[in-house]
1. Could you check the range 123-153 and list, in sequence order, the residues that are modelled with pLDDT of 95 or more and hydrophobic (A, V, I, L, M, F, W, C)?
2. Could you check Asp126 against (1) in contact with a Phe, Trp or Tyr (Cβ under 7 Å, 6 or more places away or on another chain); (2) loosely packed, with under 13 Cβ neighbours inside 10 Å and say which number it fails?
3. Mind checking which pairs have a first residue in the range 106-122 that is within 14 Å of Asp145 (Cα to Cα) and charged (D, E, K, R) and a second that is in a strand (DSSP E or B) and away from the ligand (no atom under 11 Å from the Cβ), Cβ under 9 Å, 6 or more apart or different chains?
Amino acid sequence: MSGPNRISRRDFMTATTALIGGFIAVVLGVPSVAYLIDPARKSGGKEAWVPIGKLKDIPVGTPAPFSFTVTRVNGWERTSTTYSGFILRSSNDPKDVLILSSRCTHLGCRVNWHDESQTYQCPCHDARFNKLGGVISGPPPRPLDRFAVFNVDADGNVVILVKES
Ligand code: FES
C-alpha cells in the first residue's frame with residue numbers, strides 16, 4: 001500500500017534515529033555541561049591568613065626568607081602556587097615590618113639576599129634590588145612587590161592575606 005501521506009521505511013528510520021539521538025544528547029549533554037561549568041560558578045571570594053614566621057625569631061635588620069604553597073581546589077582541578085619572599089623588620093615595633101616577594105619584577109626569577117652587598121640579586125639577568133626592594137640596577141621595571149596586608153596573630157606569627165586568584 002502506498003499513498004501521498006505515507007513515508008518510506010528509510011525516512012521513518014532516519015527520523016526515528018534523529019529523534020533518539022537528540023534525546024540522548026539532551027539527557028547526557030546537559031548534565032555534563034553543568035558539571036563543567038558548576039565549579040567555575042562556585043569559585044571566587046576565598047582568602048586565607050597564612051603564617052610565614054614567628055615575629056620573635058625574625059632578626060631586626062636582616063631579611064628573613066619564607067616560602068609556602070597554597071593549593072586551590074576547584075571541582076576536579078587542583079592548582080598549587082608557591083609564594084616566597086623576605087620579611088624585614090626595621091625595629092622592634094611589631095608593625096615595623098616589610099614583606100617583599102622574591103619574584104623578580106623583570107621575568108619572574110627568584111631573587112636571593114646577599115649579606116655582603118646588602119642587596120637582593122636576581123640570577124637570571126643580574127638585577128640588584130636594595131634592602132627595601134627598590135631597583136638598583138638591571139632590567140626590572142619596578143621594585144619588588146610587597147605583601148601589603150599582614151598582621152601578627154595571637155600566637156606571635158606574622159600572617160599575610162592570600163586571596164584566591
Ligand atoms: S628575571 Fe630578574 S633580571 Fe630578569
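The values are calculated or read from the model by the stated rules, or taken from the named source; none is laboratory data. None of the values given here were measured: they were computed from a predicted structure. Positions of Cβ are generated from backbone atoms using ideal geometry, with glycine treated the same way; all protein chains shown enter the neighbour counts.
1. Hits for the range 123-153 are Cys124, Ala127, Phe129, Leu132, Val135, Ile136, Leu144.
2. Looking at each condition in turn, Asp126 falls short on (1).
3. So the pair list comes out as Arg110/Ser84.
Okay, residues lined up against (1) within 19 Å of Trp49 (Cα to Cα); (2) of a type outside the set (S, T, N, Q):
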residue	(1), (2)
Gly61	no, yes
Gly75	no, yes
Thr82	yes, no
Ile87	yes, yes
Asn112	no, no
Cys124	no, yes
Ile136	no, yes
Val149	yes, yes
Leu161	yes, yes
